[in-house]
1. At VAL14 and ARG170, where each label point lies 7 Å from the Cα along Cα→Cβ, what is the point-to-point distance in nanometres?
2. Can you tell me the alpha carbon radius of gyration of the range 226-319 divided by the globular rule-of-thumb value 2.2 N^0.38 Å?
3. With the other protein chains left in place, how much accessible area per residue, in square angstrom, belongs to the chain at a 1.4 angstrom probe?
4. Between GLN52 and LYS124, what FRET efficiency comes out of the Förster formula 1/(1 + (r/R0)^6) with R0 = 30 Å and r the beta carbon distance, rounded to 0.05?
5. Given the pairs LYS71/LYS128; LYS60/LYS131; LYS152/LYS241; LYS30/LYS124; LYS137/LYS176, which are separated by over 31 angstrom at their Cα positions?
6. Can you tell me how much longer the chain between LEU215 and SER45 gets when fully stretched, taken as 0.36 nm per residue apart minus their C-alpha distance, in nm with one decimal?
7. P(r) for the range 228-267: what percent of alpha-carbon pairs falls in each 10 Å bin, starting at zero?
8. Based on the Cα atoms of the range 98-158, what semi-axes does the equivalent ellipsoid have, where each is the square root of 5 times one gyration tensor eigenvalue, given in whole Å with the largest first?
Amino acid sequence: MLSDSHRGSVKDFVNFNAKQDAELLHKAMKGIGTDEGTILMLLTSRSNNQRQEIKAAYKKAHGKDLVSALKSELGGLFETLVVALMTPPISYDASQLHKALKGAGTDDDVLIEILASRTCAQIKDVVKVYKKECGGKLEKDITGDTSGHFQKLLVILLQGSRDEGVDEDRIENDAKELFAAGEGKVGTDVEKFINILGNRSHEHLRLVFDAYKKLAGSDIEDSIEGETTGNLENLMLAVVKCAKSVPAYFAESLNGSMRRAGTDDQTLMRIMVSRSETDMLDIRACFKKMYGASLYNTIQDDTAGDYGKALLYLCGGND
């Protein structure tokens, strides 16, 4: 696959002019009624870096914060989506983690999604930004809110220090250890799973999973599903899926957020915003292949109004 940035559906807008864009947004919010169409067209067709420049230009011209202005004009899911688009990606991840930990009860799905899918460098940045913007230590907040093996694997992922590259000498051995720790014994040696899944590189893990399949006659996912339950199972499966293919992991999450009674808008929105500049084109291709329908049509059937339109722009086209 090409490097991430080429596979996004949202790219830098050509002939970009921050000052001009700031004025267009100002006009769209001035007077009676708000021109939501202009707001959604403009913000979904600029990259996040460009949106930050628009924010600065707006403040300079009008002496107030653009995000606050947008919030006072918009409402509901569309407002939430616009605020997400206006937030720098690492800050957005940090704020989502903070919300997941600080709300009533812990939203484990958000912890799982972000920590399983982000690169080591991204995770390290999130930890820094979390401390600066959310006023606490992410590791401390996670350990305060989780327990057991689930907590242990989250903390390992939080270090953002996976091994690099492939260690040929260890592939066979890792596969054997995983087999011996799970299907090969009564009870499960969860520590072994956590150590290998949490510390090896994705390239290395893919080869280990192939070796495991030859050895066990089944996929590593089957073993995890048979040996673990609850949050730990969900986290391990997410780590395995992301090692195999991050776009396929997100395609599956998007499908799960829509194809059931009621839409899980928070998940849908978070993925569409956070992947729009990285690998949305690959996610769309995986979605089509896995579900035989286009992501675009699925979003269209599941959402409405300006919120739905904005998501379709982020999707970037119909397959």
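The values are calculated or read from the model by the stated rules, or taken from the named source; none is laboratory data. This structure is a prediction, so every number in the text was calculated from the model and none was measured. Neighbour counts run over all protein chains shown; Cβ positions are idealised from the backbone, glycine included. Quick note on the areas: whole protein, heavy atoms, side chains included, nothing else; ligands and nucleic acids left out. Shrake-Rupley method; radii C 1.70, N 1.55, O 1.52, S 1.80 Å.
1. 4.6 nm
2. 1.09
3. 47 Å²
4. Efficiency for this residue pair is about 0.90.
5. Over 31 Å Cα-Cα: LYS30/LYS124; LYS137/LYS176.
6. Using 0.36 nm per residue and subtracting the Cα-Cα distance, I get 56.3 nm.
7. 29, 44, 27
8. Ellipsoid half-lengths, sorted descending, are 16, 15, 10 Å.
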